[in-house]
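Have a look at the structure below before the remarks.
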Amino acid sequence: MVNLQEEKDLDDNVAVSARRFEESPFIARHDTSKMVRGVYAGRFFAVYAGEDYLEKYWLLRRRALIFDVPEKPVEISGPDAVPFLERLLTRRVSTMTEGRGYYALACTPQGGIFMDGVVFKLAENRFWYVQADGPFEAWLSAFSAGFDVTISDPRSRVLQIQGPASIAIMNAASGGVIDESMRYFRSGFFDLGGQSLYVSRTGFTNELGFEVYCDGANTDHLALWDHLMEAGEPHGMEFSSTRALTIRRIEGGILGNTTDMDASMTPFEAGLGAFIDLEKGDFIGRDALVDADRRPLLFGLTCASATPSSSSEILDGEAVVGHITAGVPSPTLGLGIGYAHFTGPGNWVGRRMALRLPDGSTHACEIVDLPFFDKEHKIVRGLDRTIP
């Protein structure tokens with residue numbers, strides 16, 4: 001199953017039973033009759049709320065947006081939490097300090113990408129892995145034999161506050177405690193309107209931003225929402241569906257699990273080799289990755305005359321050499337952009353090729369490196385505060 005959020009997906013919908021999936025505790029504050037919901041990690045979320053996505057996009061780039069996102073924290077705790085995570089994840093966990101977060105992958109024994117997410121060290125022998133889409137709790141349980149660990153669901157729903165005004169907003173929301181000194185991928189517990197909540201300086205937009213993690217039934221969710229909105233109002237913060245977030249994450253080169261990468265791809269093929277530590281000792285998938293081809297198969301594609309869409313074909317002359325996993329219009333670049341997954345390695349970057357859309361039309365395109373702009377990630381680290 002993939003989580004596409006392209007233009008055509010806003011109309012291609014079916015009715016499903018709400019009992020099967022988890023409703024957002026914030027839904028009372030942003031529900032509309034025009035809302036289209038998606039399902040991710042077993043949770044409902046708004047992929048469209050009837051808004052002008054272009055207006056929301058520029059609010060994200062110039063001010064701030066708040067997103068009610070479905071990513072799901074899973075808690076791993078107990079005396080063997082560290083060796084267990086060393087076994088499951090491709091990055092070294094034993095050297096993590098409290099309050100640190102790492103982007104980390106979990107691979108299949110064959111070296112394919114099963115899950116991606118962020119692991120946080122909340123305390124000694126207590127970690128959260130904030131997973132993407134997929135049955136990760138079951139995966140953890142399946143490999144837990146022989147480890148003294150507890151795998152649990154903290155029932156934490158996540159809010160993202162993203163955009164250049166996010167530091168000022170979180171500073172106000174925390175009574176001045178959160179400020180510029182909180183670095184990228186750092187986290188901790190903070191008082192937000194009288195509630196102690198876990199906050200990380202992370203996000204899914206490649207803009208400056210934060211994530212707020214609720215504490216299950218201990219959190220007054222609507223009071224938290226109202227508190228954050230009050231802090232954000234002087235800075236022009238608004239709620240948005242994930243439409244603007246999806247555009248920005250693709251511009252920023254952030255991959256979607258099961259959509260842009262899956263168990264059929266190794267981290268090297270997805271361009272994520274930097275997050276594989278083959279020197280840290282054994283982990284699931286290591287043996288397969290040691291001998292795997294290190295050349296990437298996933299790149300960016302730009303098109304001036306059309307927006308790439310999933311399943312569009314990439315042509316080298318008459319030969320189909322790849323396909324699009326997801327595509328969006330890029331307001332910043334004024335181009336259609338998408339992820340190009342090639343069938344084999346090659347010197348693809350810089351090549352001018354042809355894009356064939358599902359309607360059969362063909363368009364000139366160019367293959368580029370990821371991300372599409374801000375190659376040094378200065379925006380998300382707060383080093384580039386230029387307002388576009």
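Derivation of every value follows stated rules applied to the coordinates shown; laboratory data play no part. Note that the structure is a prediction, hence the values are computed from the model and not measured. Cβ sites come from the backbone with ideal geometry, for glycine too, and all protein chains shown count toward neighbours.
Think of the chain as a dipole: +1 on every Lys or Arg Cβ, -1 on every Asp or Glu Cβ, centred on the Cα centre; then among Ser310, Ala142, Gly209, Gly209 lies furthest on the positive end.
At full extension, Leu54 and Phe143 could sit 27.6 nm farther apart than now, given 0.36 nm per residue minus the alpha carbon distance. Computed from backbone phi, the HN-Hα couplings of region 328-335 come to 8, x, 9, x, 5, 8, x, 9 Hz, rounded to whole numbers (Karplus: 6.51 cos²θ - 1.76 cosθ + 1.60, θ = phi - 60°; Gly and Pro given as x).
Farthest towards the positive end of the charge dipole of the chain, among the residues Val69, Val130, Asn347, is the Cα of Asn347, using unit charges on the Cβ of Lys, Arg, Asp and Glu. Between Ala274 and Asp31, what FRET efficiency comes out of the Förster formula 1/(1 + (r/R0)^6) with R0 = 45 Å and r the beta carbon distance, rounded to 0.05? It comes out at approximately 0.65. Only helices enter the 222 nm calculation for the chain: every DSSP H run of n ≥ 4 contributes -39,500 (n - 2.57), and dividing by all residues gives -4500 deg cm²/dmol, rounded to 500. Per-residue extension of 0.36 nm, minus the Cα-Cα distance of Glu22 and Leu315, leaves a gain of 101.3 nm for this segment.
Full extension of the chain between Asn125 and Ser94 yields a length gain of 10.1 nm, computed as 0.36 nm times the residue separation minus the alpha carbon distance. Given +1 at the Cβ of Lys and Arg, -1 at the Cβ of Asp and Glu and no other charges, the dipole of the chain around its Cα centre is 480 debye to the nearest 20.
Annotation: peptides 236-248, 284-296, ranked by per-residue average of other Cβ atoms within 10 Å with the highest first, follow the order 236-248, 284-296. Given all pairs of different Cα atoms, what value in angstroms does the Kirkwood hydrodynamic radius of region 98-253 take? Mean inverse Cα-Cα distance, inverted, gives 16.9 Å.
In summary, the aspartates and glutamates within cross-link reach of Lys72, defined as a Cα separation below 14 angstrom excluding same-chain residues under 8 places away, comprise Glu22, Glu23, Asp116, Asp133, Glu137, Asp153, Glu211, Asp215.
About its Cα centre, the dipole of region 7-163 is roughly 320 debye, where the only charges are +1 on Lys and Arg Cβ and -1 on Asp and Glu Cβ.
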